[in-house]
Amino acid sequence: MKIKVINPNTSWSMTQTIGEAARSVCAPDVQIIAVSPDHGPASIEGHYDEAMACLGLMEEIRKGESQGVDAYVIACFGDPGLDAAREIARGPVIGVAEAAMRTACYLATGFSVVTTLTRTLVIAEHLVNKYGVRSHCRRVRACDIAVLELEDPNSHAYASILRECQQALLEDGSGAIVLGCAGMADLYERLQLQLGVPVIDGVAAATATAQGLIRAGLSTSKLGDYAKPLAKNYKGMVAAWAP
Ligand code: 2AL
């Protein structure tokens with residue numbers, strides 16, 4: 001089984017961390033192909049970054065379709081391009097935010113999301129509504145760590161995230177923490193030990209979900225809005241992405 005895990009930002013060291021987190025939840029017969037696109041933003045911290053990341057992401061999905069990929073994971077907490085990717089992929093496409101939030105609902109009646117910058121809060125809030133988990137999500141919190149600071153061993157990213165998680169458990173009435181950035185994928189075990197509650201990393205949750213769906217013989221519905229995009233000409237810079 002081949003699962004392609006796409007980090008839609010272009011930070012290769014983060015992609016390696018994400019690939020390791022994905023491999024850690026897979027059976028030996030699963031091949032994880034962890035990639036980041038050739039073009040796009042170094043990190044995704046807003047609506048514009050998300051929009052700009054989507055073309056590179058779609059290119060990786062399209063390549064995956066000729067690489068025999070069985071399922072895809074979109075490894076960015078805003079789940080950029082998720083619905084579009086489901087239109088062009090044969091197999092399941094799982095976003096880390098959706099997978100993490102749904103997984104949290106199995107484990108606690110309430111969860112808090114701890115994400116990076118304050119300006120990304122609204123992206124996560126929109127997804128809480130989109131995925132229908134508003135009654136479980138007690139609060140979305142930011143710890144004002146830039147995404148690339150997670151890659152810097154000299155930053156105090158871990159301490160800031162730990163502090164925000166502790167505040168969440170004290171103040172929000174939550175029984176679980178959802179990590180709000182794919183770049184936090186290597187932190188969940190340590191946080192879980194220190195906090196004593198389930199800490200859900202979306203990369204692990206999405207990869208485990210993708211693996212399970214393939215084993216169960218399930219895929220994305222091609223009836224309705226996830227059907228293949230309609231064939232038409234695309235003009236100018238995006239001509240190569242025409243369906
Ligand atoms: C993210 C993420 O998961 N990767 C990235 O570049 N930006 N999202 C976030 N809220 O920090």
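Every number in this text was worked out from the coordinates using simple rules, so none of it is lab data. Bear in mind the structure is a predicted one, so any value in this text is a computation, not a measurement. Positions of Cβ are backbone-derived with ideal geometry, glycine not excepted, and every protein chain shown enters the neighbour counts.
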Inset, instruction - Considering only the range 111-148, state which residues are without any contact (Cβ under 8 Å) to a residue 12 or more places away in the chain and within 14 Å of the ligand (Cβ to nearest atom). - result: VAL122, HIS126
Inset, instruction - Have a look at ALA42, ALA27 and point out the one that is outside any helix (DSSP H, G or I) and within 28 Å of GLU149 (Cβ to Cβ). - result: ALA42
Inset, instruction - Within the range 137-147, identify whether any single residue is surrounded by fewer than 17 Cβ atoms within 10 Å (Cβ to Cβ), of a type in the set (Gly, Ala, Ser) and touching a helix residue (DSSP H, G or I) at 6+ places or on another chain (Cβ under 8 Å), and answer yes or no. - result: no
Inset, instruction - Answer with yes or no whether SER13 is more than 11 Å from THR207 (Cβ to Cβ) and among the polar types (S, T, N, Q). - result: yes
Inset, instruction - Could you tell me whether the range 211-225 includes any residue that is crowded, with 23+ Cβ neighbours inside 10 Å and either among the small types (Gly, Ala, Ser) or part of a loop (DSSP other than H, G, I, E, B) (or both)? - result: no
